[in-house]
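Please read the structure below before turning to the comments.
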Amino acid sequence: MTVSGVSTLPAAAGIGFKSQHYAALDRPGAVRWLEVHAENYMVEGGPRRAMLADLATRFPLSLHGVGLSIGGEDPLDRTHLARLRALIDWVRPAQFSEHLAWSTHQGAYLSDLLPLPYTETSLERICAHIDQVQQSLGRRMLLENPSSYLSLAESRMRETDFLRAIAERTGCGMLLDVNNVFVSCVNLGLSIDAYIDSYPLECVGEIHLAGHEADPSEGAPLLIDTHGRPVAEPVWALYERVITRIGPCPTLIEWDNHVPDFPTLEAEAARAAAILDMPQVLT
């Protein structure tokens with residue numbers, strides 16, 4: 001049996017679903033759609049699936065994967081991909097996204113999303129993996145830009161050029177994580193304006209906003225993408241600039257650690273919604 005879901009995400013604010021907020025979602029409010037981590041629902045039945053089935057009848061859903069290891073040197077795990085296809089066929093989400101990162105090596109799963117060099121070899125491998133994912137799932141996927149803490153000496157392309165080449169070769173969409181842009185540019189000393197100017201904004205199908213923290217232990221503070229606090233003011237400002245450029249776009253508030261009560265999370269969603277509702281001047 002499949003769930004009768006909604007086929008598109010609204011250009012409105014959503015949140016990452018947490019089970020402790022399930023009851024609060026019974027009333028209408030600022031939250032218009034939900035994102036769930038796909039790997040949390042690759043189970044047969046049980047209360048998780050029951051909650052997801054109910055939510056899918058009331059909210060558009062976006063599935064966000066963390067386990068495909070799109071950037072890994074190993075072949076994609078066909079069993080994992082088949083389980084993901086079964087979940088998608090069942091819940092019928094509006095969108096599916098994954099990360100520009102790797103998390104497996106020689107059959108072992110690692111507990112992080114790790115960086116990769118931006119080279120032609122990496123580009124060819126990632127494009128082949130994305131082609132495989134899109135063919136296996138029977139749908140277009142979105143690819144999220146990473147948060148970066150160092151530059152890899154092997155890289156031969158800018159991240160934005162790498163992402164644009166992936167989109168052009170595979171036809172995939174982009175998930176623009178605005179917090180990741182801010183974190184990466186500050187950590188690597190890059191121009192935020194130059195990053196946004198060269199990013200394939202025309203391919204963006206979803207935006208993420210999240211909180212970060214500064215680690216001052218090694219000289220200049222290192223920004224860490226923690227998803228454990230409110231969205232920072234400069235990230236809100238950058239988000240507003242992006243929306244001015246591209247117009248309203250489905251926007252997610254990510255808060256995965258030190259998860260607050262629902263009113264706090266909804267207030268963040270309401271702030272995103274207010275920006276989405278502003279008159280837009282497209283350039």
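The values are calculated or read from the model by the stated rules, or taken from the named source; none is laboratory data. Please read these numbers as outputs of a predicted model, since none were measured by experiment. Using ideal geometry, Cβ is built from the backbone for each residue, glycine included, and neighbour counts are taken over all protein chains shown. Surface accessibility is based on the protein's heavy atoms, side chains included, excluding ligands, DNA and RNA. Shrake-Rupley method; radii C 1.70, N 1.55, O 1.52, S 1.80 Å.
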(message) Counting only helical runs of four or more DSSP H residues, what would the 222 nm mean residue ellipticity of the chain come to if each run contributes -39,500 (n - 2.57) and the total is spread over all its residues?
(response) -11500 deg cm²/dmol
(message) Could you work out what % of the accessible surface of segment 173-216 is carbon and sulfur, using a 1.4 angstrom probe and leaving DNA, RNA and ligands out of the count?
(response) 53 percent
(message) Rounded to the nearest 10 Å², what accessible area does Met157 have for a 1.4 Å probe in the complete protein model?
(response) 50 Å²
(request) Roll a 1.4 angstrom probe over the protein heavy atoms and tell me the percent of accessible area of segment 16-119 that is carbon or sulfur. (result) 53 percent
(request) Among Ser69, Ala53, Pro93, flag the residue with its Cα farthest along the positive direction of the charge dipole of segment 1-101, charges on Cβ as +1 for Lys/Arg and -1 for Asp/Glu. (result) Ala53
(request) With springs connecting C-alpha atoms under 10 Å apart, model the chain as a Gaussian network and identify which of Ser97, Ser155, Ser69 has the largest mean-square fluctuation. (result) Ser155
(request) Let me know the longest stretch in the chain that avoids all GluC sites (Glu not before Pro) found in a DSSP loop with at most 14 other C-beta atoms within 10 Å. (result) 74-153
(request) With an 8 Å cut-off on Cα pairs and a minimum separation of 6 or more residues, tell me the relative contact order of the chain in percent. (result) 19 percent
(message) Of the listed values (1) 15; (2) 25; (3) 39, identify the label whose number matches percent of Cα pairs over 34 Å apart calculated from this model.
(response) (1)
(request) Pick out which of Leu190, Leu34, Leu209 has the largest mean-square fluctuation in a Gaussian network model of the chain, springs linking Cα atoms closer than 10 Å. (result) Leu190
(message) Which of rounded, prolate or oblate describes segment 29-147 when judged by the alpha-carbon gyration tensor and an a/c cut-off of 1.5?
(response) prolate
(request) Give the long-range amide H neighbours of Gly173: residues separated by 5 or more places, or on another chain, with amide H under 5 Å away, using H modelled in the peptide plane at 1.01 Å from N. (result) Met141, Leu142, Leu143
(request) Whole number in Å², please: accessible area per residue of the chain, 1.4 Å probe, ligands, DNA and RNA not counted. (result) 45 Å²
